[in-house]
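Read through the structure below, which is laid out as structure tokens, and then see the notes.
The values are calculated or read from the model by the stated rules, or taken from the named source; none is laboratory data. Since the model is a prediction, treat every value here as computed from it, not as a measurement. Note that each Cβ is placed from the backbone with ideal geometry, even for glycine, and that neighbours are counted across all protein chains shown. These accessible areas exclude ligands, DNA and RNA; they are computed on the full protein's heavy atoms, side chains included. Shrake-Rupley method; radii C 1.70, N 1.55, O 1.52, S 1.80 Å.
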Amino acid sequence: MEIPTPLMAISDPLFDRYRVKVWVKRDDLNHPHIQGNKWHKLKFNLDAAKLQRKTTLLTFGGAYSNHIAATAYAAKEAGLKSIGLIRGEELAASPHTWSHTLKQAVDNGMALEFLTRQVYRLRDDPDFLLDLQQRYPDAYLLPEGGSNELAIQGFESLMTEIEQQCPQWDTLFTPVGTGATFAGLVRYALARANRKINGVAVLKQADYLLPSIRKWIGIPPAVAWQMLTDYHAGGYGKITPELQQLKQRFEAQFSIPLDPVYSIKMVAAFYDQLQRGEIPPHSKVILLHTGGLQGNALQQGTDSTTL
Ligand SMILES: *Cc1c(COP(=O)(O)O)cnc(C)c1O
């Protein structure tokens with residue numbers, strides 16, 4: 001594990017033309033299996049599970065969920081069992097169609113149960129969760145994406161690293177799935193004039209996330225923030241030929257691998273905002289690489305609409 005993860009300066013004539021400086025915070029390098037933001041989201045939850053003497057982590061996700069992959073590995077590493085409640089009951093009968101993510105989770109000891117879409121929708125319903133806790137009294141329940149208060153607190157250390165590595169930053173881009181990572185960064189960023197954190201939603205019509213993001217930020221934040229909702233490219237897990245091209249170009253130019261679900265859309269949003277003049281001259285921009293590289297094994301044309 002490499003902590004602090006590197007803050008890499010990247011340069012391009014385009015950045016000079018707009019007179020901005022750009023860094024990539026390589027949080028994808030923090031852990032080979034519990035990568036990027038998932039490591040921050042899980043660490044205090046793992047402590048809590050152990051403190052409560054739970055023997056099992058139980059959580060929710062879609063077939064391509066980085067959180068499912070990370071939870072399976074984290075449980076194994078901590079000597080805990082893990083259970084994944086997966087969206088899509090049709091998968092139960094066809095293990096040969098399972099994603100790399102699901103196969104990997106099973107290899108790491110996760111027991112999978114498949115829920116119908118109807119039941120999956122109940123994943124945050126208090127009665128449903130109470131039932132589940134009674135069925136699995138030894139399980140520590142983690143919401144979809146691992147997004148809860150302890151997850152948010154896991155981003156304080158990341159923000160501290162960023163403040164130490166680049167105290168003069170003023171613009172930060174991060175991808176948004178549930179928005180917990182975004183909220184954590186906003187909560188822990190230090191006050192400074194003209195600072196703004198941009199969350200780039202990777203799913204369609206993401207405005208519904210705003211109430212939980214506000215709740216997770218909690219205190220009135222010291223920095224400005226906004227969620228950009230026009231960069232989802234058709235929805236969660238969807239990628240266009242233009243994005244595919246940008247991904248290849250960026251990876252070749254800077255030798256930084258991107259994932260197809262989150263970081264590519266964050267990078268695309270940055271380029272577009274820059275070229276629209278939304279990023280003032282002399283800005284010092286940080287692009288947060290949240291990991292997710294296991295998702296590069298994602299097959300094309302899949303129906304993945306769940307985090
Ligand atoms: C899960 C994930 C996200 C989304 O994080 P949220 O806290 O749910 O917004 C972003 N990037 C990567 C690589 C992820 O795996």
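Brief remarks on what is shown
- Selection count, the stretch 32-81, where residues are closer than 22 Å to G184 by Cα and among the hydroxyl-bearing types (S, T, Y): 3
- Lone qualifier among L130, L172, L142 - being open to solvent by 30 Å² or more (accessible area, probe 1.4 Å) and not charged (D, E, K, R): L130
- Any hit, the stretch 122-131, residues being more than 20 Å from S212 (Cα to Cα) and either within 16 Å of the ligand (Cβ to nearest atom) or at pLDDT 95 or above (or both): yes
- Subset tally (residues that are of a type in the set (A, V, I, L, M) and assigned to a loop (DSSP other than H, G, I, E, B)) for the stretch 31-48: 1
- Odd one out for I3 among (1) surrounded by fewer than 17 Cβ atoms within 10 Å (Cβ to Cβ); (2) at pLDDT 95 or above: (2)
- Test: residue in the stretch 193-203 that is away from the ligand (no atom under 15 Å from the Cβ), among the charged types (D, E, K, R) and open to solvent by 50 Å² or more (accessible area, probe 1.4 Å): yes
- Identity of the residue in the stretch 54-87, within 15 Å of the ligand (Cβ to nearest atom) and of a type in the set (S, T, Y), that ends up surrounded by the fewest Cβ atoms within 10 Å (Cβ to Cβ): Y73
- Residues that are under 23 Å from F250 (Cβ atoms), open to solvent by less than 60 Å² (accessible area, probe 1.4 Å) and within 16 Å of the ligand (Cβ to nearest atom) within the stretch 6-38 comprise V24, K25, R26, D27, D28, N30, H31, Q35, G36, N37, K38, listed in sequence order.
- Subset of the stretch 1-30 [within 14 Å of the chain's Cα centre (by Cα) and part of a loop (DSSP other than H, G, I, E, B)]: N30
- With respect to being away from the ligand (no atom under 14 Å from the Cβ), modelled with pLDDT of 95 or more and within 19 Å of P32 (Cβ to Cβ), E90 falls outside the description.
- Inside the stretch 265-293, residues that are crowded, with 23+ Cβ neighbours inside 10 Å and out of contact with any strand residue (DSSP E or B) (no Cβ under 9 Å at 6 or more places or on another chain) make up a count of 1.
- Unique residue being within 15 Å of the ligand (Cβ to nearest atom), out of contact with any Phe, Trp or Tyr (no Cβ under 7 Å at 6 or more places or on another chain) and touching a residue at least 60 places away in the same chain (Cβ under 8 Å) when the list is L209, L158: L158
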